[in-house]
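Chemist: Right, I'll just put the structure down here and ask away after.
The values are calculated or read from the model by the stated rules, or taken from the named source; none is laboratory data. Small disclaimer: the values here were computed from a predicted structure and weren't measured. Cβ coordinates were reconstructed from backbone atoms using ideal geometry, including for glycine residues, and neighbour counts include every protein chain displayed. All accessible areas refer to the heavy atoms of the entire protein, side chains included, with ligands and DNA or RNA removed. Shrake-Rupley method; radii C 1.70, N 1.55, O 1.52, S 1.80 Å.
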2 protein chains.
Amino acid sequence: MANEIKAELAAGKLAEYEQLSKIYDDIVKQARPRLTVEGQGKILLALTDEDHLSQRQLATRLGMSPQSTSEFVYKLVKRELVTLTKSPKDRRVNLVNLTPAGRQEIESAAQEVPPFVRTLSDTELEQLSALMTKITTAMYADIDAANPTLGVKFHKLFASRYLKQFKK
Amino acid sequence: MANEIKAELAAGKLAEYEQLSKIYDDIVKQARPRLTVEGQGKILLALTDEDHLSQRQLATRLGMSPQSTSEFVYKLVKRELVTLTKSPKDRRVNLVNLTPAGRQEIESAAQEVPPFVRTLSDTELEQLSALMTKITTAMYADIDAANPTLGVKFHKLFASRYLKQFKK
DNA sequence: AACATATAGTAAGGGTACCTGATTAAAATG
DNA sequence: CATTTTAATCAGGTACCCTTACTATATGTT
């Protein structure tokens, strides 16, 4: 029972952080817009993992409706971050290809270390990283269990992206 | 410099969690819809803190445009979660009042402890709570510094809500 | 009292992220 | 060759937000 209360407290804190960060991003604006796992960003991220996917593949891999996928791809085409080419094998399918600008967009969407992370000591930072790794690992497992078609691949990319983006 | 790398790692993990939880909520659906700090939920939350606020007060307090506030209030009226009454002192202002159903809505929007939290041990749960508390505290401070009109009050309510919701 | 200005709220229109249902075109299959 | 399946799109919707008018009502000034 004591364990239960601790779990609830931790879950509450996590939820609080999540909600709070929505407000935080809004108020304490970041200079550069972040690449989120929504809409167009999701597409770009998937294409970084594997380029020249069909819209269908994107939709399945991202757990989105083909209609939404079509919409976001269209928007990315307008922004010249991707191009569309008809597949020679199957003239129904549109292959989505990252342009250099698209690649650039992903690269440049780096993120700064938010100031609130700086309040933690060295030891605390290590603890936090370890704990969050445990949590995200469990999350990946749950997501894959719930929707295997989404593919672990995307998630792995996802993870590595958030580790890599600070490098350099 | 070693510190810097640790900070980046932790920040990356936190960002990863944040993004991941968007997907998680989508895929591993929760039975009951959560009350988020967006749109209508934001209004309800603010009214829990203090009822009978004018739309203007809500807008300032929530850092939203008056137009958006108006929209969400209207939607809540349609859902019969709030009512509008003209202020007797100033006939321009609309006071927004929580109905019993509105109060009920907030109460019932409880949240379960997500399974991934269960993967942590007792000690880890304690560590996580402590770390997240430190982080959210810093976030509250930053938000207040950036936008004092938003008021700490709302945030405090916010915090307590996420601690209280599991009780009972 | 009369006029100017400030304030509360709304209407209209826009943008982003999604969804469902219906439709078109091309491929696969009986 | 006709039918069915599949890739993508169109049309229309919901939720969350914003900006630019515009309407009442208040208040401050002359």
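Chemist: Using a 1.4 angstrom probe, figure out how much accessible area the stretch B:1-118 has per residue, in square angstrom, rounded to the nearest whole.
Modeler: 51
Chemist: Which loop trypsin sites (Lys or Arg not before Pro) in the stretch B:32-95, with loop taken from DSSP, have no more than 16 other Cβ atoms within 10 angstrom of their Cβ?
Modeler: Of the trypsin sites (Lys or Arg not before Pro), the ones in loops of the stretch B:32-95 whose Cβ has at most 16 other Cβ atoms within 10 Å are B:Arg34, B:Arg79, B:Lys89, B:Arg91, B:Arg92.
Chemist: If I stretch the segment between A:Asp122 and A:Glu71 completely, what's the gain in nm (0.36 nm per residue apart, minus their alpha carbon distance), one decimal?
Modeler: Gain on stretching A:Asp122 to A:Glu71: 13.9 nm.
Chemist: Also, quick follow-up: Enter the buried accessible area of the A/B pair, total of both sides, probe 1.4 Å, in Å² rounded to the nearest 100.
Modeler: What A and B bury together is about 6900 Å².
Chemist: Report, as an integer, the average count of C-beta atoms from other chains found within 10 Å of each Cβ along B:36-42.
Modeler: Mean partner shielding for this stretch: 3.
Chemist: Between the label point of A:Ser68 and that of the same position in each other copy, find the distances and list them shortest first in nm, with every label point placed 7 Å from Cα along the Cα-to-C-beta direction.
Modeler: Listed shortest first, these distances are 2.0 nm.
Chemist: Roughly to the nearest percent, how much of the accessible area of the stretch B:39-108 is carbon and sulfur, given a 1.4 Å probe?
Modeler: It is 49 percent, rounded to a whole number.
Chemist: Relative contact order for the stretch A:1-127: what is it in percent, counting Cα pairs under 8 Å that are at least 6 residues apart?
Modeler: 23
Chemist: Now for a different question. Over the stretch B:39-108, what is the relative contact order in percent, taking alpha-carbon pairs closer than 8 angstrom and at least six residues apart?
Modeler: 36
Chemist: If each label sits 7 angstrom from Cα along the C-beta direction, how far apart, in nm, is B:Thr137 from its counterparts in the other copies?
Modeler: List, nearest first: 2.9 nm.
Chemist: Quick one: in chain A, whose Cβ comes closest to the A/B rotation axis, and how close in angstrom?
Modeler: Axis-proximal residue of A, distance in whole Å: A:Gln127, 3.
Chemist: Mind checking the mean number of beta-carbon atoms from other chains within 10 Å of the Cβ atoms in A:132-145?
Modeler: 6
Chemist: At A:Asp51, with labels set 7 Å past Cα in the Cβ direction, how many nm apart are the copies from this one, shortest first?
Modeler: Copy-to-copy label distances at A:Asp51, shortest first: 6.1 nm.
Chemist: Of all alpha-carbon pairs in the stretch B:39-108, indicate the percentage at a distance above 21 angstrom.
Modeler: I get 14 percent for the Cα pairs in the stretch B:39-108 exceeding 21 Å.
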